[in-house]
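Take a look at the structure set out below.
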Amino acid sequence: MTTQTPDYAPHLASALSIARTAGATIHTAFHNRTSLHIDLKNANDADLVTQVDRNVEAAIFSHLRAQFPSHRFVGEEGTAAAGDAHTGLGDHAEDDTPTWVVDPVDGTTNFVHGFPFVAVSIALVVRGIPVVGVVHNPVMNETFHAVIGQGAFLNDVPIPTPPLRPLASLASALIATEYGSDRGEEILGPKVHALHDIVSSPARGVRSLGSAALTMCYVARGALDAYWEAGVHAWDVAAAAVILTEAGGLVANWKDVNAGGAVKYDLCARNVVCVRKTPEGAQARSILEGIRGKLTPVEYTRD
Ligand code: IPD
Ligand code: CA
């Protein structure tokens, strides 16, 4: 007996549509930043939220809820909470109710500073697995999307675009990481040491784009070779995880998580390490394990 993959076309169409509408709001606000209302989350100068983040998230949930009233909704700014008691994904990651996981503005610091890596990230997650992903950067007019089993696309063109460069070792890799918003030594120290160890391996170059979702999409398209970060939330990575997987890349946790005998990417574990598609699968696996070997676990509360 074969199991049929559900038809996710309506979900993708809805996510693309509201991502573009939200993107238009973000685009306008990006070019009129003098009137931005900025708040500090947790009184932390490195963790910002704006009224645009909140308004856009509410608009996205309103659109999705109208079309999929029985689904669950989880977002970075918690605007779904009023209509839905569930604000965390982790408690429900394995049940059958499809969950929309949304980051209205991934790259909020970039948005505030006028650095153009800013994206709306919308994922549909079923039993802990992202099955639809849309990451839309309205400033640079780049829209990544994927549906499980159907490949990944940038502005409707399949990614990665051939030819695939070989990736024999980190010495020929352009890699990316981020430091997150925690500035405590117990969090920042291990991250800086890991970066030092990986770059001195040596690696060819390192970038920090300020948006986990877009960074993973840049790995998917092959512009970056690998990325790791601790501290990410499910809404930062859910959409990009299906895009990168569908683009033939590897998406993993810092340590493997086994579910029912198979290794799966745990969206709620607060970490990610990923590598782009390579001409031979063994190359990507070897780079992934090489990076993992240099990472010291950083403890975060699960989503
Ligand atoms: C952040 C960005 C950043 C990553 C942080 C995220 P936000 O999301 O994705 O690149 O380093 O871990 O929290 O706050 O801009 O939505
Ligand atoms: Ca985010």
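The values are calculated or read from the model by the stated rules, or taken from the named source; none is laboratory data. Everything numeric here is computed off the predicted structure, so don't read it as measured data. Cβ atoms come from the backbone with ideal geometry, glycine included; neighbour counts cover every protein chain shown. Ligands, DNA and RNA are stripped out before the accessible areas are found, and what is left, the full protein with its side chains, is counted by its heavy atoms. Shrake-Rupley method; radii C 1.70, N 1.55, O 1.52, S 1.80 Å.
Here are some notes:
- Selection status of residue 270, within 16 Å of ligand 2 (Cβ to nearest atom) and not aromatic (Phe, Trp, Tyr): yes
- Counting only residues that are open to solvent by 70 Å² or more (accessible area, probe 1.4 Å) and either aliphatic (A, V, I, L, M) or farther than 11 Å from residue 14 by Cα (or both), region 58-75 holds 4 of them.
- Complete set of residues in region 250-271 that are more than 16 Å from residue 127 (Cα to Cα) and out of contact with any strand residue (DSSP E or B) (no Cβ under 6 Å at 6 or more places or on another chain): 255, 270
- Filter pass, residue 26 being touching a helix residue (DSSP H, G or I) at 6+ places or on another chain (Cβ under 6 Å), touching a residue at least 40 places away in the same chain (Cβ under 8 Å) and in the same structural domain as residue 138 (by TED's automatic domain parsing): no
- Counting only residues that are more than 16 Å from ligand 2 (Cβ to nearest atom) and either at pLDDT 95 or above or open to solvent by 20 Å² or more (accessible area, probe 1.4 Å) (or both), region 127-148 holds 12 of them.
- Test: residue in region 177-192 that is modelled with pLDDT of 95 or more, within 16 Å of ligand 2 (Cβ to nearest atom) and surrounded by 16 or more Cβ atoms within 10 Å (Cβ to Cβ): yes
- Count of residues meeting criterion [under 12 Å from the mean Cα position of the chain (by Cα), in contact (Cβ under 8 Å) with a residue 60 or more places away in the chain and part of a strand (DSSP E or B)] in region 250-277: 1
- Considered as a group, the residues in region 200-223 that are open to solvent by less than 10 Å² (accessible area, probe 1.4 Å) and away from ligand 2 (no atom under 16 Å from the Cβ) include one that is farthest from residue 187 (Cα to Cα), and that residue is 220.
- Reported count of residues in region 210-224, each being part of a loop (DSSP other than H, G, I, E, B) and closer than 17 Å to residue 251 by Cβ, is 4.
- Among the residues here, residue 232 qualifies as of a type outside the set (D, E, K, R), touching a Gly at 6+ places or on another chain (Cβ under 9 Å) and not assigned by TED's automatic domain parsing to the domain that holds residue 103.
- Some residue of region 41-62 being within 16 Å of ligand 2 (Cβ to nearest atom), of a type in the set (Lys, Arg), at pLDDT below 95 and out of contact with any helix residue (DSSP H, G or I) (no Cβ under 7 Å at 6 or more places or on another chain): yes
- Long-range neighbours under 6 Å by Cβ, at least six apart or interchain, first residue in contact (Cβ under 8 Å) with a residue 12 or more places away in the chain within region 181-202, second part of a helix (DSSP H, G or I) and open to solvent by 30 Å² or more (accessible area, probe 1.4 Å): 202/171
- Top-ranked residue of region 229-239 - restricted to ones that are more than 11 Å from residue 101 (Cβ to Cβ) and among the hydrophobic types (A, V, I, L, M, F, W, C), ranked as farthest from the chain's Cα centre (by Cα): 230
- Scanning region 197-209 for residues that are touching a Lys or Arg at 6+ places or on another chain (Cβ under 9 Å) and in a helix (DSSP H, G or I), we see that the one that is farthest from ligand 1 (Cβ to nearest atom) is 197.
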